[in-house]
1. Report the antiparallel proportion of the DSSP beta bridges in the chain as a percent, rounded to a multiple of 5.
2. Report the residue, chosen from 244, 298, 113, that carries the largest GNM mean-square fluctuation when the chain is represented by alpha-carbon nodes joined by springs under 10 Å.
3. Using a 7 Å offset from the Cα along the Cα-to-Cβ direction at both residue 178 and residue 156, what is the distance between the two label points in nm, to one decimal?
4. Looking only at 247, 221, 143, which one moves most when the chain is put into a Gaussian network model with springs between Cα atoms under 10 Å?
5. Which shape class, rounded, prolate or oblate, goes with segment 125-231 when its Cα gyration tensor gives a ≥ b ≥ c as root eigenvalues, a/c under 1.5 marks rounded, and past that a/b bigger than b/c marks prolate?
6. Can you tell me the relative contact order of segment 120-204? Whole percent, Cα pairs under 8 Å, sequence separation 6 or more.
7. Of the DSSP beta bridges with both residues in segment 194-280, give the percent that are antiparallel, rounding to the nearest 5.
8. Tell me whether segment 153-308 comes out rounded, prolate or oblate; compute the Cα gyration tensor, take square roots of the eigenvalues as a ≥ b ≥ c, and use a/c under 1.5 as the rounded threshold.
Ligand code: AMP
């Protein structure tokens, strides 16, 4: 498959690499993993699309997002289930390749590489490189490793498979230094401590559903971004009394509320899709227009067959 992509690339002047809005480690990891490889191998104009202001990018090596020029354009969209979530304008592309690991709802590419059960999009890309016996730059290997550990929660989630470990082994062979990656990512500080304290003191429980809510004022008081506010969702994981746990954060700039839903056994993605969201069975995102909709969301979650 990679050979096919490389053959196609020859016909284009530039490659634009896209990923989804509200990017996470896997979105950036897949996007930058491809970027560093193409930059090294190609004389094409390589461009990264999407908002690049996230502090998640501190974990990655430096890059230049580049500028779109005229010319025959190949687009590659990573980690994005449906076209509405693509961060950028794909109408510029003559040909589009989709690489994704979410449930297939929209095969918007001219070529679609969709592996629903992969732990992460970064895993799919790493295995494409590995299967092609390609040596990749260490920056690319590091980006893809970050993507894998981000989406699998360091190999903890059930989507982790022997393929995940094969991809990780390949990336280590390409020069990834685990402690260099883990230390900045998992080292905690007093801000984390204060957020944990806040969550444990203020979480809500409705039946077997636990959630915390952070208003814009709370986020400011805790000195974290909205994105970071959601990222603490697993503070409520691993308690046997909670089947589903959620982070609800006020998204002041967009005048809405973002919900991150997680569960152990209860598939939450269909309910998420009723609230402007979607995602994986046990990890989904949703958006509420008002906080009142939270009660409707909770009621729907309680109605899921597996919840009972
Ligand atoms: P989050 O809680 O925002 O980290 O989202 C959890 C997972 O659900 C990630 O894999 C997201 O890519 C996916 N996701 C979040 N929002 C949506 C959406 N609106 N449509 C489809 N997938 C989503």
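1. 45
2. 298
3. A separation of 1.6 nm, rounded to one decimal place.
4. Highest fluctuation of the listed residues: 221.
5. Cα axes put segment 125-231 in the prolate bin.
6. Value for segment 120-204: 32 percent.
7. Looking only at bridges with both residues in segment 194-280, the antiparallel portion is about 65 percent.
8. Because a/c hits 1.5 or more and a/b fails to exceed b/c, segment 153-308 counts as oblate.
Values in this text are rule-based calculations from the coordinates and carry no lab data. Remember, it's a predicted structure, so these values are computed and weren't measured experimentally. With ideal geometry, Cβ positions are generated from the backbone for all residues, glycine too; neighbour counts draw on all protein chains shown.
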